[in-house]
Amino acid sequence: MPLPPPLETLWNEMQSVRAGIVKEVEGCSQAQADWRPGDADWSAGEIIHHLLLAEVGTGKLTSKLLKEAGPGLAAYPADLTALRPLPSRVAGPTEAPPGVRPESGHPIGQLVADFKAARERSRQSIERMGAVDFRRLTWTHAAFGEMDLSQWWLLQAWHDADHLRQLRTLKSTPGFPAR
């Protein structure tokens, strides 16, 4: 299903970042996926698990808000040409909330497969948004405050990009396994 231009732009951004993440982890050995430079650091596998949990959570939030809004929700506004930007966030690193804290030791092949499958479900969520006026469908984020559904998906793209940088740094850290 074709998306309205602002959602198509969002989708393309999400896909571009996702391609970078997959490129970084596809072909990683289990030793590489599980390696951590320090006790407080995340492994590549944990980063992927965290991103998977976050994306699945955003999809569930989308379904919840659309369901609660019911059939009376207005159609996608023809004059909507841009999405609201992300609000300012609390400065500094934040700890992952319990629902998106990663677990270690998942097989990397399964993580990558689940990661890709989650993106397919995300496309369905964004297509559903493309049929309605989602701007009044909001939920509060701990670091960003109240955000509409498009902002939650913008956050997903930003969050993926942030962790893509983390993956690249991890893989260039001395001691990262050669295989």
(message) Take the conditions among the charged types (D, E, K, R), over 14 Å from the mean Cα position of the chain (by Cα) and modelled with pLDDT of 95 or more and apply them to Lys60. Does it pass?
(response) no
(request) Test Ala78 against the stated conditions and say whether it is in a loop (DSSP other than H, G, I, E, B) and under 17 Å from the mean Cα position of the chain (by Cα). (result) no
(message) Which condition from (1) within 18 Å of Gln156 (Cβ to Cβ); (2) of a type outside the set (Lys, Arg); (3) at pLDDT below 95 is the one that Gly130 breaks?
(response) (3)
(message) Among the residues of region 53-64, are any under 14 Å from Arg123 (Cα atoms), basic (Lys, Arg) and part of a helix (DSSP H, G or I)?
(response) yes
(request) Could you tell me which of the residues Trp152, Trp139 is touching a helix residue (DSSP H, G or I) at 6+ places or on another chain (Cβ under 9 Å), surrounded by 13 or more Cβ atoms within 10 Å (Cβ to Cβ) and over 15 Å from Trp11 (Cα atoms)? (result) Trp139
(message) Quick check on Glu95: is it surrounded by fewer than 17 Cβ atoms within 10 Å (Cβ to Cβ), part of a loop (DSSP other than H, G, I, E, B), among the acidic types (Asp, Glu) and out of contact with any strand residue (DSSP E or B) (no Cβ under 8 Å at 6 or more places or on another chain)?
(response) yes
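The values are calculated or read from the model by the stated rules, or taken from the named source; none is laboratory data. No experiment lies behind these values; they were computed from the predicted model shown. Glycine gets a Cβ as well: all are built from the backbone with ideal geometry, and neighbour counts include every protein chain shown.
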